[in-house]
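Heads up: the structure comes next, in structure tokens.
The values are calculated or read from the model by the stated rules, or taken from the named source; none is laboratory data. Note that this is a predicted model, so its numbers are computed, not measured. Here the Cβ is made from the backbone with ideal geometry for all residues, glycine too, and neighbour counts use every protein chain on show. Note: areas computed on protein heavy atoms with side chains; ligands, DNA, RNA excluded. Shrake-Rupley method; radii C 1.70, N 1.55, O 1.52, S 1.80 Å.
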Amino acid sequence: MQNIYNYSLIDLEKYFESINEKKFKAKQIYDWLYIKRINDFNLMTNIKKELRQNLKENFKLDFIKITKIQRSPLTNKYLFELLDGNFIEAVLMRHDYGNSICVSSQVGCNMGCKFCESGRLKKVRNLETYEIVEQILLVESDIKERIDSVVIMGIGEPFDNYNNIMNFINIINSPYGTNIGARHITISTCGLIPKIKEFMNCNLQVNLAISLHAPNNTIRNSIMPVNKAYSINELIECLKQYIEKTNRRVTIEYVMLNNVNDSIDNAIELSHLLKGMNVYVNLIPYNETSNIIFEKSNKETILRFYDTLKKNKINVTIRREFGSNIDAACGQLRAKEGEKI
Ligand code: SAH
């Protein structure tokens, strides 16, 4: 039996048609699930009794559970327990322009980035669509406010769970449901080229962010094993195609690691690499974790790197540090919880 939160509106319409019901029933169900937030078929009073019975027999409405919340004024960190006992996490960030959430896409991750806490647990499994959708529904019901934007940057590599992520986007984007605009959704990937190409041909307005973190193969190979499969030159070539095809700006994420990728020479090399491309670079202060040898670059180094990119006419920002005080860096909360168990 499938969880109903796995169903896009179109899939639900197809279901109703397959049982000889009118397809507008799908919109009524979406209204109960995503607008009224009722997750009990018995309470869906505009659906006739026999049909409610059919739904009860064919769909689950199970929810994942919030097991821990760490709150601070601008950031909440949520730990969720899945129905099979695995843990994942999401982070809520409050900006002037609205609430954004960072959701997980997998239990664990196989990409093996050396500086990342999430990768210490190898991938256990992909998240199902409903497990990603429910991260949003549960956080909204906790804060009693709407979430305006979504970044898929929590635990996991979204493009290693491609179909479920596309389904998830389709669901949260529905104007009959949570109605989160495509331009308010960002997928972050470490650079799985075949999937970037697939994504490029979907014609979605969803934003793409690339975890580049290095200006050349030597450095990237040493911190991101994925670079051995898809080298930096192939990745840049692919991004040029992406930008040409979609006419959309790509975000380049660059985590600043002390003495690894943060020299002026690195900044110059990065500028050459990205020259003329419609990208902007987001410099990310590294969130130090207790288990990993990498250190954050100091402020002056980050500013110098920033200035060098600017001078070379690369659009660049420095990411505001959210949530490091509440272990909101990728995988940290889950890692701590895991150690206790
Ligand atoms: N797998 C995807 C999305 C999850 S990681 C990706 O690689 O993009 C989200 C972002 O956080 C990535 O850019 C990742 O490299 C970065 N990141 C991981 N650990 C970090 C840490 N301790 N401090 C700052 N950024 C980190």
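Subtracting the Cα-Cα distance from 0.36 nm times the residue separation, let me have the gained length for D142 to R94 in nm, one decimal.
Numbers: separation 48, 0.36 × 48 = 17.28 nm, distance 1.38 nm.
My answer for the length gained is 15.9 nm.
Using a ≥ b ≥ c from the Cα gyration tensor of segment 57-211 (square roots of the eigenvalues), is it rounded, prolate or oblate, where a/c under 1.5 gives rounded and otherwise the larger of a/b and b/c decides, a/b for prolate? Don't skip to the answer; put the middle values down first.
Values: a/c = 1.24, a/b = 1.10, b/c = 1.13.
Note, shape of segment 57-211 comes out rounded.
Which Cα, out of A214, F41, C116, lies furthest along the positive dipole direction of the chain (beta carbon charges, K/R +1, D/E -1)?
The residue sitting most towards the positive pole is F41.
Treating the beta-carbon of each Lys and Arg as +1 and of each Asp and Glu as -1, no other charges, what is the dipole magnitude of segment 29-98 about its Cα centre, to the nearest 20 debye?
On the way: 12 positive and 9 negative charges, 46 e Å.
Dipole of segment 29-98, to the nearest 20 debye: 220 debye.
As an exercise, identify the chymotrypsin sites (Phe, Trp or Tyr not before Pro) in segment 11-45 lying in DSSP coil whose Cβ has no more than 16 other Cβ atoms within 10 Å. Numbers along the way, then the final one.
Numbers: sites: Y15, F16, F24, Y30, W32, Y34, F41; in loops: F24.
Hits after loop and neighbour filter: F24.
Pop out the ³J(HN,Hα) list for segment 144-152 in order, Karplus 6.51 cos²θ - 1.76 cosθ + 1.60 with θ = phi - 60°, rounded to Hz; leave Gly and Pro as x.
Each residue of segment 144-152 in turn: 6, 9, 7, 9, 9, 9, 10, 10, 9 Hz.
Determine, from the Cβ-Cβ distance of N163 and A229 and an R0 of 30 Å, the FRET efficiency 1/(1 + (r/R0)^6), rounded to the nearest 0.05.
Working: r = 20 Å, r/R0 = 0.68.
Using R0 = 30 Å, I get an efficiency of 0.90.
From the phi of every residue in segment 196-207, what ³J(HN,Hα) in whole Hz does the Karplus formula 6.51 cos²θ - 1.76 cosθ + 1.60 yield, where θ is phi - 60° and glycine or proline is x?
Karplus-based 3J(HN,Hα) across segment 196-207 equals 4, 5, 4, 4, 4, 8, 7, 6, 9, 8, 5, 7 Hz.
In what sequence, highest mean first, do 209-216, 198-205 appear when ranked by Cβ atoms within 10 angstrom?
Values: 209-216: 22.1, 198-205: 14.1.
By packing density, highest mean first, the sequence is 209-216, 198-205.
For the pairs K122/K245; K122/K228; K122/K197; K77/K245, flag any whose C-alpha to C-alpha distance is greater than 30 Å.
Details: K122/K245 34 Å; K122/K228 18 Å; K122/K197 25 Å; K77/K245 36 Å.
With Cα atoms farther than 30 Å apart: K122/K245; K77/K245.
State, as an integer percentage, the relative contact order of the chain based on alpha-carbon contacts under 8 Å between residues 6 or more apart.
On the way: 615 pairs, mean separation 49.7, N = 341.
Relative contact order comes out at 15 percent.
In whole percent, and with a 1.4 Å probe on the protein chains, what portion of the accessible area of segment 1-130 is carbon and sulfur?
On the way: 3150 of 6190 Å².
The computed percentage sits at 51.
Between L83 and R249, how many nm apart are label points set 7 Å from Cα along the C-beta direction?
The modelled label-to-label distance comes out at 4.2 nm.
How about K22: which lysines have a C-alpha closer than 16 Å to its C-alpha, ignoring those fewer than 8 places off in the same chain?
K14, K48, K49
Excluding ligands and nucleic acids, what accessible area in Å² is computed for S290 using a 1.4 Å probe, to the nearest 10?
110 Å²
Return one whole number: the accessible area per residue of the chain in Å², for a 1.4 Å probe. The partial results should precede the final answer.
Working: 15390 Å² over 341 residues.
Accessible area per residue, the chain: 45 Å².
Can you work out ³J(HN,Hα) from phi for every residue in segment 42-53, in order, using Karplus 6.51 cos²θ - 1.76 cosθ + 1.60 and θ = phi - 60°, giving whole Hz and x for Gly and Pro?
Values, residue by residue: 4, 8, 8, 6, 8, 9, 5, 4, 4, 5, 4, 4 Hz.
With only Lys, Arg, Asp and Glu charged, each at its Cβ (+1 for the first two, -1 for the last two), find how big the charge dipole of the chain is about the Cα centre; round to the nearest 20 debye. Before the final figure, lay out each step's value.
Numbers: 45 positive and 39 negative charges, 99 e Å.
Dipole of the chain, to the nearest 20 debye: 480 debye.
What is the spin-label model distance, in nm, from K310 to K60 if the labels are put 7 Å beyond Cα along the C-beta direction?
5.3 nm
Amide H neighbours of S188 under 5 Å, at least 5 residues apart or on other chains, H built in the peptide plane: list them.
Correct list: I152, A209.
Give the accessible area for V260 in Å² (nearest 10); use a 1.4 Å probe, count only protein heavy atoms, and leave out ligands, DNA and RNA.
Near enough 40 Å² of accessible area.
Can you list residues whose amide H is under 5 Å from N3's amide H, if they're 5+ apart or on another chain and H is modeled 1.01 Å from N?
Long-range HN contacts for N3: K60.
Compare the peptides 186-192, 220-226 by average per-residue count of other Cβ atoms within 10 angstrom and give them in order, highest first. Walk me through the numbers on the way to the answer.
Numbers: 186-192: 22.9, 220-226: 18.9.
Listed from highest to lowest mean packing, they are 186-192, 220-226.
If you stretched the chain out fully between I264 and R52, how much longer would it get, using 0.36 nm times the residue separation minus the C-alpha to C-alpha distance?
Numbers: separation 212, 0.36 × 212 = 76.32 nm, distance 6.42 nm.
Computed gain between I264 and R52 is 69.9 nm.
In percent, how large is the relative contact order of segment 281-321, given Cα pairs closer than 8 Å and 6 or more residues apart?
This gives 56 percent for segment 281-321.
Under 18 Å from the Cα of K296, which lysines turn up, not counting those fewer than eight places away in the same chain?
K114
Taking every pair of Cα atoms in the chain, average 1/r, invert it to obtain the Kirkwood radius, and report Rg/Rh to two decimals. Walk me through the intermediate numbers first.
On the way: Rg = 21.0 Å, Rh = 21.1 Å.
That ratio equals 1.00.
Once you list every other residue whose beta carbon is under 14 Å from the beta carbon of V139, what net charge do they have if Lys and Arg are +1 and Asp and Glu are -1? Write down the numbers at each step before the final one.
Values: positive: R37, K65, K68, R71, K77, R94, K144, R146; negative: E89, E131, E134, E140, D142, E145, D148.
Local charge sum for V139: +1.
With the full set of protein chains in place, find how many percent of the accessible area of segment 151-277 is carbon and sulfur; take the probe as 1.4 Å.
On the way: 2200 of 4900 Å².
Its accessible area is 45 percent carbon and sulfur atoms.
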